[in-house]
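S.K.: Below: one structure in structure tokens.
Derivation of every value follows stated rules applied to the coordinates shown; laboratory data play no part. The structure presented is a predicted model; accordingly, all values stated were derived computationally and were not measured. In this analysis, Cβ positions are derived from the backbone assuming ideal geometry, glycine residues included, and neighbour counts consider all displayed protein chains.
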Amino acid sequence: MAQRQRPRCSLLDSLGEEIVRIVTPVSICMLLVVILVSVLNSSSSSSTSVTTIATIAYSETDSDSSWDKFVGALLNSLVFVAVVTVVTFVLVLLFYLRCTKFLKFYMGFSAFIVLGFMGGQVSLFLIQDYSIPIDCITFFLVLFNFAVVGVLAVFMSKMAIFVTQGYLVVIGMLVAYWFTMLPEWTTWVMLVAMALYDLAAVLLPVGPLRLLVELAISRDEDIPALVYEARPVTDHDSGVSSGNQRRVWRERSGSAALNEPENSTDEPNPNPGRVSVSNVETELSAPLIEHRMNIDSQETRGEDDAPGENLALEGIGLGSTGAIKLGLGDFIFYSVLVGRAAMYDFMTVYACYLAIIAGLGVTLVLLAFYRRALPALPVSILLGVLFYVLTRFVLEIFIVQLSSNLLMF
Amino acid sequence: MEASQSPTVDRQILNPESNANSIASVGPLWPTVDGPLGLSEADAVTYARRFYKFGFALLPWLWAINCFYFWPVLRHRRSFPQIRRYVLGSAIGLTAFTILLCSWALTFAIGGESLFGTSWNQLVMYNLADKWGLTGWN
């Protein structure tokens, strides 16, 4: 008698696997940024602040009072959020006018800039700090290889999944490291401002990200953007199902990915003029903007399955054929938060890491519940900032007292 | 029963791959390391060829990615002969380039000033970075 095969993976297994597949790269990115921050900042002074769009309104100096710093940081953040909003609207417009090629070209270009120039600068920092005797020919050759293959990985949708994911994590790490170079108050206020912006942009009906997602859904197209896609958890029952499971989730609409609006003809960093910096900043803010976090659950199976069947088999939406997508901006801002926490002490790093992962878990649960594009920044960032403040001002004193009196630890 | 089975056993021992091939009829089903999520065989030939050709633009890392991506092709002989040509070429190119690059880099690093003289200081990266001001974060 023919028996219906029971699923070998329970819902918990597939759900756990999905969550692990998105938490792992986020954790790796955060770990890399923390390592970079602690290795590079301990040797050099971190007082050099970058002049960028994010510090255009106010440059923090050590002599200002806290209130001045706060107001200055607020101004900076408002300017930054305004720029991000404008750029995102430009992106929506370009997407509406079907300038997909331009957007993809832009994506590849900014990936090249980030990997080539920022990657180059970070490696130069490391080389200088540790006096690694590498010569210029080898260095430029390796950097060239790294950047070009990275652009290919980001451009082409058919590169090895592992390579694409690795490069996305590296891009997130480099941009996040760059952001940790901003002054302290500006960083924290900007993080909160971006979390609120994300909330507004994704959930409000006039929000640019919501418009983008709805456009993509109505056209059933994929937004050309830097988005991290986790590998889909395959149901062991269906196994190698009909034909090629060609990463069909990419073609599905509802992928809330941010695109990168790009407007700068960016200059490479060797030119230390102000202009080049602001250009780089625009460029980099574009990826940030683009990488808004819209976590989306893709419920696609083979192209030939009827949508109804999919939903019937899907259960709670984080189904076995879906793949979770997380925008690269989420990676970046989480890592910025943890990187900034690392600049104070490792205790804040642990606290913020736990807060962010908890926030990510909450967002994933909400995603399963609502089954639409959701902002991934607000919960994690707000929890992270709260935990940072509590740890730095309350917990640390407590623990230090206990440890120095040998009561605990 | 046993007599009829032993030739099969002998064949299995002698030619495990051909046996696997005859069982699965093509060896590995998917040419890429991603399996069913990766490329189909027809697309794979185009991609392997493109990676191989682009690698000649001083991109050994692209050759390495090519070998990684088409690892099942490299591992199972006699599968996907068209793809295998390019992947093997990439592997050979990668090995040659890496040996050259590593020998140059190690000579430079270990030889140092005693081998190169003053030109070592002109070639080393941290001096050049200082000279050109590459790490001024402006």
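S.K.: Please give the residues of segment B:81-116, grouped as numeric ranges, whose backbone N is less than 19 Å from a label point set 7 Å along the Cα-to-Cβ vector of B:Gln122.
M.R.: Within reach of a label on B:Gln122, which here means backbone N under 19 Å from a point 7 Å along Cα→Cβ, segment B:81-116 contributes B:108-109, B:111-116.
S.K.: Still on this structure, please answer the following. Answer rounded, prolate or oblate for segment B:88-138, using the Cα gyration tensor with square roots of eigenvalues a ≥ b ≥ c: rounded when a/c is under 1.5, else prolate when a/b is larger than b/c, else oblate.
M.R.: oblate
S.K.: Please sort by residue number the chymotrypsin sites (Phe, Trp or Tyr not before Pro) in segment A:326-402 whose DSSP state is loop and whose Cβ has at most 15 other Cβ atoms within 10 Å.
M.R.: For chymotrypsin sites (Phe, Trp or Tyr not before Pro) across segment A:326-402 that sit outside H, G, I, E and B with at most 15 neighbouring Cβ atoms in 10 Å, the list reads A:Tyr344.
S.K.: Calculate, for A:Tyr344 and B:Arg85, the FRET efficiency according to 1/(1 + (r/R0)^6) with r their C-beta to C-beta distance and R0 41 Å; round to the nearest 0.05.
M.R.: 0.15
S.K.: Dividing the convex hull volume of the alpha carbon atoms of segment A:349-409 by its residue count, what do you get in Å³ per residue?
M.R.: 74 Å³
S.K.: Is the shape of segment B:32-119 rounded, prolate or oblate, going by the alpha carbon gyration tensor and its root eigenvalues a ≥ b ≥ c, with a/c under 1.5 for rounded and a/b larger than b/c for prolate?
M.R.: Judged from the Cα gyration tensor, segment B:32-119 comes out prolate (a/c at least 1.5, a/b above b/c).
S.K.: When the distances between all Cα atoms of segment A:342-384 are binned every 10 Å from zero, what whole-number percent does each bin get?
M.R.: For segment A:342-384, the pair-distance distribution reads 31, 43, 18, 7.
S.K.: In segment A:67-176, which trypsin sites (Lys or Arg not before Pro) are in a loop and have at most 14 other Cβ atoms within 10 Å, using DSSP for the loop call?
M.R.: Counting only loop positions with at most 14 other Cβ atoms within 10 Å, the trypsin sites (Lys or Arg not before Pro) in segment A:67-176 are A:Arg98.
S.K.: Fewest to most neighbouring Cβ within 10 Å: what's the order for A:Cys352, A:Cys136?
M.R.: Ranking A:Cys352, A:Cys136 by Cβ neighbours within 10 Å, fewest first, gives A:Cys136, A:Cys352.
S.K.: Per residue and in cubic angstrom, what volume does the convex hull of the Cα atoms of segment A:75-153 have?
M.R.: Each residue corresponds to 104 Å³ of Cα convex hull volume.
S.K.: Please find the FRET efficiency linking A:Glu184 to B:Ile99, where r is the Cβ-Cβ separation and R0 is fixed at 41 Å, and quote it to the nearest 0.05.
M.R.: Efficiency, rounded to the nearest 0.05: 0.30.
S.K.: Give me the one-decimal nm value for the distance between modelled label points at A:Ser157 and A:Phe140, 7 Å along each residue's Cα-to-Cβ direction.
M.R.: Here the answer is 3.7 nm between the modelled labels.
S.K.: Testing the spin-label approximation: label points 7 Å from Cα along Cα→Cβ at A:Leu97 and A:Arg231. State their distance in nm.
M.R.: Inter-label distance under the simple model: 4.1 nm.
S.K.: Which trypsin sites (Lys or Arg not before Pro) does segment B:39-104 hold that lie in a coil by DSSP with at most 13 other beta carbons within 10 Å?
M.R.: Answer by residue number: B:Arg77, B:Arg78.
S.K.: Between A:Tyr228 and residues 5 or more places away or on another chain, which pairs have amide H atoms under 5 Å apart, with H built 1.01 Å from N, and which residues are they?
M.R.: Close amide H contacts, sequence-distant or interchain: A:Leu326, A:Gly327, A:Leu328.
S.K.: Ok, one more. What FRET efficiency, computed as 1/(1 + (r/R0)^6) with R0 = 35 Å and r the Cβ-Cβ distance, is obtained for A:Trp67 and A:Phe105, rounded to the nearest 0.05?
M.R.: Efficiency, from the Cβ-Cβ distance: 0.20.
S.K.: How many nm is it between the label spots at A:Leu406 and A:Val39, if each spot is 7 Å from the Cα in line with the beta carbon?
M.R.: 3.7 nm
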